[in-house]
Each structure stands twice: as C-alpha cells, then as structure tokens.
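See structure below.
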Amino acid sequence: METTRAGTTVAPASRALEVIGGDLTERSLRRYLEGIPGVDAVGLEARAAALGTRSIKTTSKAWALDTIIRLTDLTTLEGADTPGKVKSLVAKALVPDPDDMSTPRVAAVCVYGDMVPHAVEALGSAHDDGATGRINVAAVATAFPSGRASRSVKLSDTSDAVAAGADEIDMVIDRGAFLSGRYGQVFDEIVAVKEACKRPDGTYAHLKVILETGELNTYDNVRRASWLGILAGGDFIKTSTGKVTPAATLPVTLSMLEVVRDWHRLTGEKIGVKPAGGIRASKDAIKYLVTVAETVGEEWLQPDLFRFGASSLLNDVLLQRQKLTSGRYSGPAYVTID
Amino acid sequence: MSRLAVPKTYKLYVGGKFIRSESGRVYEVATTKGSFSVSSVNAAKASRKDARDAVVAARAAVSGWSGTTGYNRGQVLYRIAEILDGRRAQFAEEIAAFEGVSASAAQAQVDEAIDLWVWYAGWADKYVQVAGNGNAVSGPFFNLSVPEPTGVVAVIAPQSAGVPGSLLGFVRAVAPVLVSGNTVVVIPSEKAPLAALSLGEVFATSDVPAGVVNVLSGSPAEIAPWLAAHADVNALDLLGAGELEWVDLQIAAADTLKRVLPPEPGPDAGAPSLERITFFTETKTVWHTKGLL
C-alpha cells in the first residue's frame with residue numbers, strides 16, 4: 001500500500017479544523033496526535049484498581065443495577081444469528097425480566113447490519129420517536145469486526161444499515177493503518193463513514209468509533225486513537241468489538257474517559273464512551289459506573305453518553321436484582337438462555 | 001535447638017481450590033488433648049457469599065460430573081477411598097486430637113469411612129438398575145423409568161462430636177449424594193471441621209472434578225438459611241441440622257420446591273442405605289415406540 005505523503009490534506013472535519021487549525025494535513029494531524037502527552041501506565045492501572053474497590057450496597061446497588069440495564073446495548077454478533085434470534089433478543093430488551101415489570105428497558109439492541117430490518121420490525125412501536133422506553137437499533141458496520149475491506153464496501157455497509165433504520169452505527173477503525181502511523185487514512189475514513197450516516201432528512205445516525213484497544217497494544221495508542229476518533233467526528237468512542245482478547249478493561253476505559261473529560265474541558269462538547277466485550281458480572285459493571293462518575297461526572301451516566309456493549313451481563317444484573325428483591329440468591333434457571 | 005511448629009491454616013474447599021473466606025474470617029478450633037503439635041488451629045469461617053460462590057462452582061460442575069458414566073463415577077469414588085487409605089495416620093491424629101476420642105476409636109472411624117467410600121462407589125453403576133424399571137403400559141411402547149441426579153445438593157453434615165464422628169458423619173452425608181452425579185455444597189461439623197477440610201485435600205488429588213464437592217467450614221446457623229433459600233440449590237440434606245431451627249430451613253426450601261431430608265439423631269445418623277442415593281434423584285420416564293412386527 002502506498003504511504004500517504006506528509007503534506008497530503010485530510011478531510012476537513014469541523015472539530016479538527018477548530019482544534020488543530022486551518023491547514024489540516026497528514027503532517028499537522030500527526031504532529032498534534034504525537035504531541036499528546038504519554039500515559040502513566042502504572043498510575044492509570046493503580047487509579048483504575050482503586051476505583052474498583054468502592055463498596056456499593058443496598059439502595060445504591062439497586063440504583064446501580066437499574067442504571068446498568070438502562071445503559072446496556074444488548075448485543076448479538078454471531079455468524080449464526082437469525083431473524084428469530086434477533087426477535088428473541090428484542091423481546092428480552094423490551095421485557096428483561098418478565099417476573100418483575102419494574103425492570104427498566106435497555107438502551108439499544110446491537111446487531112449486524114443485515115439484521116437491522118428484523119430488529120426494527122420486532123421493536124415495533126418501541127422504536128418510534130418519542131416512545132417511552134424507546135429502544136434504539138445499533139448496527140455494526142464497516143466490515144466489522146476486522147475492518148478489512150475497501151472504503152466503498154465500508155461506506156455502503158454503513159449507508160445500508162442507516163437506510164434500514166439503524167439509529168446508531170458502530171464502526172471499526174483501520175487498526176493496521178493506525179499502527180503503521182497512517183493517521184490521515186484512519187481520520188478520512190471516520191469522516192467518510194460519518195457522512196454515510198447521514199439520513200435523507202439531514203440528520204445523522206449516531207456514530208460510535210470502535211478503537212479495538214486489544215490490538216492497539218499501549219495506553220498511549222489508546223489515548224491517541226481516542227483523540228483521533230473524536231477529532232474526526234465520532235459521537236461515541238468504544239473500546240472493542242468483543243471479538244479480540246483483551247476486550248474492555250477498566251484502565252483502558254478510564255484512559256478513554258480522561259480523553260472525553262479533556263475534550264469537554266476544551267470545547268464544552270460531550271462525547272460518549274462505550275466499553276464492550278468481557279464485562280459479564282454486575283460487580284465489574286458497577287466498577288465502570290464508579291469510574292465514569294469519578295472521571296467525567298455523574299451526568300455521563302445516561303444512555304446518550306455511556307453504554308455497555310454486552311450480552312451476558314444483563315442476565316447477571318437480573319440475578320442480582322432478583323436477589324435484592326427477594327432476599328435470597330437466584331440462579332441461572334430464572335433468566336432466559338440467550 | 002527445638003524446632004518451631006508449623007501450624008496449618010485450614011481453608012475452605014470451593015471449586016477445586018483451597019480459599020480463605022471472602023470475609024477474611026477465621027475461627028479457632030481447639031484440641032481436646034495435648035497430643036497434637038499445637039493446641040489450636042484456625043479454620044476459615046465461611047460467609048453467605050462463600051456459600052453463593054460455592055453454589056456457582058457446584059452448578060458449573062453438574063453437567064460434567066453427572067455426564068460421566070456410572071462406572072467412571074464409581075472409579076473416582078473408589079479412588080477417594082484409596083487416597084484416604086494412604087493418609088489414614090493424618091486423619092486418625094486429627095480426629096483423636098480434636099474430637100477427644102482414643103487413638104483406636106479414631107483409627108476405627110477412619111477405617112469405617114474408607115470402607116463406606118468403597119461401599120458407595122460400588123453403587124454408582126448399580127443403583128440405576130435397582131431404582132429404575134421398565135413399566136408395563138397398555139400400548140406399543142417401551143416405557144422406562146430411570147433415576148437421574150437432581151443437581152446441586154446442600155448438605156449439613158452431622159455436627160456433634162463423638163459417634164458417628166466428624167469424618168464418618170461427613171462421609172455418610174456426602175458420599176451417597178455424589179453417587180448419582182449430584183454436586184455438593186457441604187457444611188461440616190462446626191466444632192470439628194478439620195477432618196472434612198483435610199478430606200478436601202483428598203478430593204483435590206483423587207480425580208474428583210473441581211466443584212463437585214465444596215466444603216464450607218463455619219457456622220451452620222449462619223450459612224444454612226442462605227443455602228436453604230438459594231434458588232439454584234435443588235435439594236437439601238439436613239442430616240446434621242437437628243440443633244438448628246431446621247423447620248424454618250425446610251420452609252425456606254419449600255419456596256423453590258427443594259427435596260429436603262430431615263435431620264437424624266444418634267450414632268446411626270445417615271447410616272449407609274440405598275435410599276440416601278435415590279432420594280437425591282429425579283425419575284425420568286422415556287416412551288419409545290415398539291416395532292409392531
């Protein structure tokens with residue numbers, strides 16, 4: 001692949017123009033990203049570990065569990081997905097616990113692009129604008145999970161999903177290009193996908209930029225990729241596809257939240273964060289809530305600004321909820337098998 | 001120069017691992033005679049969360065353990081007897097020191113426990129033939145009823161020191177439950193838990209899959225209510241719960257339709273029987289069409 005020359009101009013995304021300046025080139029972008037101070041890895045991990053030791057009990061725990069459900073993108077991303085599987089996923093999203101109708105609904109269901117029409121159909125009126133307990137449809141796009149496809153394939157993947165009714169697009173960045181230092185290429189691609197998220201009425205589907213932190217190797221790279229994703233116009237930055245180990249970890253999420261906090265201080269704009277993959281226990285999810293509240297503030301604990309990408313997490317949260325309600329331990333036989 | 005004693009900390013056995021209680025608590029188990037190397041030892045004191053974790057471990061082990069053939073389970077249970085036989089001196093010493101019985105009585109108890117493992121091991125590939133049967137039905141069908149393991153069983157082992165003794169009482173409670181392929185969360189004798197905790201080391205080295213037996217030393221009065229009410233426990237053996245409010249435990253267990261065996265008093269508590277095996281099974285009945293030729 002030909003190397004992008006340093007003087008090449010990159011797409012004029014408005015955020016980048018504002019922060020980096022008028023002459024937006026590969027060189028100025030690189031200089032900006034590489035000028036970001038490095039991450040103190042030991043300090044970051046110690047901070048994340050300290051945040052994970054908070055003891056959340058009784059009413060706080062009940063609030064946290066309900067909040068986790070409200071912030072969840074209930075996900076099925078398997079090669080074996082069928083319309084029937086998506087339908088049952090949607091049924092669970094609408095009524096997570098049939099024995100307890102006070103259980104809140106999840107924020108969104110997250111599926112592959114071709115399953116979007118089935119998800120929209122199954123949601124019915126719960127997908128209408130302004131519906132109470134509205135559930136969004138999120139679609140993974142841009143040759144998820146590897147992102148190895150040509151630009152045109154990625155863009156039509158995106159616009160197809162948006163046309164089918166997806167409210168949110170989870171795109172993967174080109175990690176190969178990022179790790180080779182071709183930041184401009186990654187940047188241009190995010191800008192182009194953002195344009196592909198445009199609906200005929202001029203509004204945009206929400207764009208979540210998946211960094212796949214498990215492949216970025218260092219916290220410095222995670223921080224740089226977070227800035228890149230935000231500068232290029234991402235509404236959310238998301239840790240992982242869930243297909244690579246390690247997926248979301250607390251230190252990685254913390255470092256992304258710090259970027260979001262810095263961006264908010266710099267511009268007043270609020271960017272969302274979505275840890276995804278590997279969060280299976282309520283206890284772990286509560287650690288994330290604490291980290292969000294302590295890093296960017298409690299106002300981030302709402303579906304527009306924070307999400308969990310998870311499939312098995314919901315069941316564990318429901319078991320914990322049942323324990324709080326009934327006073328006795330529940331078991332996996334009392335939640336659905338997904 | 002005299003050698004310093006190395007006092008052992010007896011830990012819980014959960015999911016194939018020897019763990020401290022998540023609560024960090026221990027309690028003192030005192031010897032009744034001066035013959036042991038130290039006058040008292042510490043045993044981990046399990047909390048309700050340890051019980052919760054033990055049930056998760058036991059549930060995870062059900063499919064593997066119940067999926068083995070009866071013949072294989074018999075071999076594994078026989079292996080427990082073999083390993084226990086090799087460590088009889090340690091067990092006899094612990095029993096003598098912590099139960100206050102004579103060395104010969106302790107030795108006799110260990111021997112009986114070993115023999116009991118062998119006896120129950122023999123049942124593993126035979127109880128189905130005895131408890132199951134072909135049913136006569138009025139139609140062209142083979143109709144077969146077979147016992148299947150019920151799942152996770154919570155056991156309160158005999159608590160009183162003396163007869164049948166902490167080791168033998170424990171084996172009488174646990175062995176029959178394992179025969180059919182159930183997994184066990186067991187609370188051993190509170191006053192004399194050492195034999196049971198040492199038996200955990202035998203389980204760990206005798207091909208018993210992790211999570212099949214989980215031993216929680218501590219207060220039965222504290223832990224048992226959580227196990228009795230736990231929705232993921234399928235049956236409850238109250239063999240050693242005579243001094244607890246065991247009717248309350250039974251009521252709590254009824255909420256989730258558990259099978260419950262009531263306490264038994266005296267030296268014959270949990271005496272070896274086929275009924276102790278079949279009680280923790282569910283009957284599966286299969287209808288299969290017959291050829292009409």
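The values are calculated or read from the model by the stated rules, or taken from the named source; none is laboratory data. Note that the coordinates shown come from a computational prediction; the quantities given were computed from them, not determined experimentally. Cβ: placed from backbone, ideal geometry, glycine included. Neighbour counts: every protein chain shown.
Pick from the range A:300-316 the residues that are more than 14 Å from chain B (Cβ to nearest Cβ) and charged (D, E, K, R): which of them is surrounded by the most Cβ atoms within 10 Å (Cβ to Cβ)?
My answer is A:R307.
Working only within the range B:269-293, note down all residues that are acidic (D, E) and free of Cβ contacts under 8 Å to residues at least 40 places away in the same chain. Break it down into steps so the answer makes sense when it comes.
Our first condition is that a residue be acidic (D, E); within the range B:269-293, this holds for B:275, B:282.
Matches in the range B:269-293: B:E275 only.
Quick check on the range A:230-245: of everything there that is assigned to a loop (DSSP other than H, G, I, E, B) and of a type in the set (A, V, I, L, M), which residue is nearest to A:V111 (Cα to Cα)? So that I can check it myself, show each step before the final result.
First pass over the range A:230-245, keeping only residues assigned to a loop (DSSP other than H, G, I, E, B): A:232-235, A:239-245.
Cutting the leftovers down to of a type in the set (A, V, I, L, M) gives us A:232, A:244.
Details: A:A232: 24, A:V244: 17 Å.
Only one residue tops the list, namely A:V244.
Restricted to the range A:280-299, and to residues that are surrounded by fewer than 17 Cβ atoms within 10 Å (Cβ to Cβ) and within 14 Å of chain B (Cβ to nearest Cβ), which residue is farthest from B:H230 (Cα to Cα)?
By that ranking, first place goes to A:R280.
For the subset of the range A:157-200 comprising residues that are among the hydroxyl-bearing types (S, T, Y) and surrounded by fewer than 23 Cβ atoms within 10 Å (Cβ to Cβ), which member is farthest from the chain's Cα centre (by Cα)?
A:S180
Scan (1) buried (at least 19 other Cβ atoms within 10 Å of the Cβ); (2) under 23 Å from A:T218 (Cβ atoms); (3) hydrophobic (A, V, I, L, M, F, W, C) for the single condition A:I68 breaks and write down its number.
(2)
Tally up the residues in the range B:229-279 that are away from chain A (no Cβ under 14 Å), farther than 23 Å from B:G74 by Cβ and of a type in the set (D, E), please.
Adding up the residues that qualify gives 4.
Filter the range B:1-17 down to the residues that are of a type in the set (D, E, K, R) and in a loop (DSSP other than H, G, I, E, B) and list them by number.
Listed by number, the residues that qualify are B:R3, B:K8, B:K11.
Are there any pairs, at least 6 apart or on different chains, whose C-beta atoms fall under 8 Å, with the first in the range B:54-68 and more than 10 Å from chain A (Cβ to nearest Cβ) and the second of a type in the set (D, E), and if so, which?
Close Cβ pairs (under 8 Å, with a partner that is of a type in the set (D, E)) amount to B:S66/B:E148.
Inspect the range B:203-213 for any residue being away from chain A (no Cβ under 14 Å), modelled with pLDDT of 95 or more, in a loop (DSSP other than H, G, I, E, B) and under 11 Å from B:I156 (Cβ atoms) and give the result as yes or no.
Scanning the range B:203-213, I find no residue that is away from chain A (no Cβ under 14 Å), modelled with pLDDT of 95 or more, in a loop (DSSP other than H, G, I, E, B) and under 11 Å from B:I156 (Cβ atoms), so the answer is no.
Can you find, within the range A:317-335, the residue that is farthest from the other protein chains (Cβ to nearest Cβ) among those that are outside any helix (DSSP H, G or I) and out of contact with any helix residue (DSSP H, G or I) (no Cβ under 6 Å at 6 or more places or on another chain)?
We begin by selecting, within the range A:317-335, every residue outside any helix (DSSP H, G or I); these are A:327-331, A:335.
Among the residues that remain, those that are also out of contact with any helix residue (DSSP H, G or I) (no Cβ under 6 Å at 6 or more places or on another chain) are: A:327, A:331.
Details: A:G327: 8, A:G331: 2 Å.
Checking each candidate, the answer is A:G327.
Can you pull out every residue in the range A:13-66 that is in contact with a helix residue (DSSP H, G or I) (Cβ under 6 Å, 6 or more places away or on another chain) and of a type in the set (S, T, Y)?
Within the range A:13-66, A:S28, A:Y32 meet the criteria.
Across the range B:175-198, what is the number of residues that are over 10 Å from the mean Cα position of the chain (by Cα) and in a helix (DSSP H, G or I)?
5
Considering every residue within the range B:182-199, establish whether at least one is within 14 Å of chain A (Cβ to nearest Cβ), buried (at least 24 other Cβ atoms within 10 Å of the Cβ) and touching a residue at least 12 places away in the same chain (Cβ under 8 Å). It would help to see each step written out before you state the result.
Initial filter on the range B:182-199 (within 14 Å of chain A (Cβ to nearest Cβ)): B:183, B:185.
Those left that are additionally buried (at least 24 other Cβ atoms within 10 Å of the Cβ): B:183, B:185.
Remaining after also requiring touching a residue at least 12 places away in the same chain (Cβ under 8 Å): B:183, B:185.
Taking every residue of the range B:182-199 in turn, at least one turns out to be within 14 Å of chain A (Cβ to nearest Cβ), buried (at least 24 other Cβ atoms within 10 Å of the Cβ) and touching a residue at least 12 places away in the same chain (Cβ under 8 Å).
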